[in-house]
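Asker: I am attaching a structure below and will ask some questions about it afterwards.
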Amino acid sequence: MSPSAEQWAAAVAAVRSAGPDDEVLLICHVNPDGDALGSMLGFALGLRRLGLTRIRATFPGDFTVPDPYAGLPGLDLLVPEADAWPDPDLVLIFDVASESRLGGLADRLSAPRSVVLDHHASNTGFGEVRLVDPRAAATSVVAEQLLARLGVPLDAEIAECLYVALATDTGSFKFDMTTVAVHELAARLIATGIRPGEISRRIFDSRPFGAMKLTGEVLGRAILDPAAAGGRGMVWTYATLSDLERFAQPPYVLDTLIDPVRSVAEADVSVVVKEIGAREWAVSLRSKGAVDVSGVAVSQGGGGHRLAAGFTGYGEVRDVVDAVRRRLDEFLN
Ligand code: AMP
Ligand code: MN
Ligand code: MN
């Protein structure tokens, strides 16, 4: 269900209620991707245009902005979790499917006013005013609609942020969610003068040599299991912290590793298991259409969309992959 007229009105009222002296905190999910950062910073710039001055944007955990997003407009508003307003007057939350993705910032949900902008069908239902639209291709689609209702015109800075978000979550305008409305929004964003070619090269087609070598090694150990997922096939691989160390790469270089893996023709389901701590793994799941992987992710405490989801797994790699395989069999039988 898309947000109702009442929810849009409540969100507009919540933002309008903030005065120049009010502290406004914007939060996106841990290990932010292009949609999380782009929708949050684009909206933050919009708030600045509205005359708000005490704006801070943040995300929980390790304060690393992936290189592809290090040139985004609005980064001057971004602060580490420790510098986030402790008692904000208004909180806005972007691209966060569940409270667990807010880490140590989940307590800010008790702010006098909170607005959640998201597009995950699996969104768990936190926050006061909820703009959750599972039909939106990206959280930036929701953010742009709220900016329009607030009367904030698009400029090139806001547009670049929202475009990066839209391009990231549609896989460069390739996924099923790439509707007429998505292209119409992209057209309006490009009309502000931003450079799609240059932006795409920066966010999709540029990475360190070491990251390419690391990817090569991790892809080289992929395993194809044709019998998994009721015969629809599953392909999986994993990367450890020591892999990252060997190639001197930060964890975010593995964020796009799922893309070459999910291209394997013999498998509907693809899985990438990435070590994030002792016996702790960030698991990415994708399906080509036969399987609802968000169901698998939710059953493991995670979330996401029907064809792209994730969760945190524990134990050995084998344990994590076996759990996915079992869940897939359960869901398909
Ligand atoms: P990723 O595989 O990290 O690109 O994530 C794919 C989708 O699953 C995104 O929409 C994420 O928001 C969602 N997702 C990934 N990990 C989690 C998690 N631990 N909890 C909830 N949702 C997640
Ligand atoms: Mn995201
Ligand atoms: Mn998103």
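Asker: Which residue is farthest from Phe311 (Cα to Cα), if the candidates are limited to the stretch 1-49 and must be open to solvent by 10 Å² or more (accessible area, probe 1.4 Å) and within 16 Å of ligand 2 (Cβ to nearest atom)?
Answerer: Asp33
Asker: May I pose another question? Counting only residues that are in a loop (DSSP other than H, G, I, E, B) and within 12 Å of ligand 3 (Cβ to nearest atom), which one in the stretch 135-179 is nearest to Arg202 (Cα to Cα)?
Answerer: Looking at residues that are in a loop (DSSP other than H, G, I, E, B) and within 12 Å of ligand 3 (Cβ to nearest atom), I get Gly171.
Asker: With (1) away from ligand 1 (no atom under 16 Å from the Cβ); (2) of a type in the set (A, V, I, L, M, F, W, C); (3) within 17 Å of the chain's Cα centre (by Cα) as the list, and Leu224 as the residue in question, which single condition is left unmet?
Answerer: Exception for Leu224: condition (3).
To keep it simple, each residue is scored yes or no on (1) within 24 Å of Ser122 (Cα to Cα); (2) of a type in the set (Gly, Ala, Ser); (3) out of contact with any Asp or Glu (no Cβ under 8 Å at 6 or more places or on another chain).
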residue	(1), (2), (3)
Ser4	yes, yes, yes
Ala13	no, yes, yes
Gly19	no, yes, yes
Asp22	no, no, no
Cys28	yes, no, no
Ala36	yes, yes, no
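Asker: Still on this model: Of Arg207, Arg201, which residue is of a type in the set (Lys, Arg) and assigned to a loop (DSSP other than H, G, I, E, B)?
Answerer: The match here is Arg207.
Asker: Restricting to the stretch 295-324, name every residue that is more than 12 Å from Val283 (Cα to Cα) and in contact with a strand residue (DSSP E or B) (Cβ under 6 Å, 6 or more places away or on another chain).
Answerer: Leu307, the sole residue that qualifies.
Asker: Could you please find all residues in the stretch 154-177 being over 14 Å from Leu72 (Cα atoms), open to solvent by 30 Å² or more (accessible area, probe 1.4 Å) and in contact (Cβ under 8 Å) with a residue 24 or more places away in the chain?
Answerer: Leu154, Asp169, Ser172, Phe175, Asp176, Met177
Asker: Still on this structure: Taking the stretch 281-306, which residues are within 11 Å of ligand 1 (Cβ to nearest atom), of a type in the set (S, T, N, Q) and not in a strand (DSSP E or B)?
Answerer: Ser294, Gln300
The values are calculated or read from the model by the stated rules, or taken from the named source; none is laboratory data. Note that the coordinates shown come from a computational prediction; the quantities given were computed from them, not determined experimentally. Positions of Cβ are generated from backbone atoms using ideal geometry, with glycine treated the same way; all protein chains shown enter the neighbour counts. Heads up: the accessible areas ignore ligands, DNA and RNA and are worked out on the full protein's heavy atoms, side chains in. Shrake-Rupley method; radii C 1.70, N 1.55, O 1.52, S 1.80 Å.
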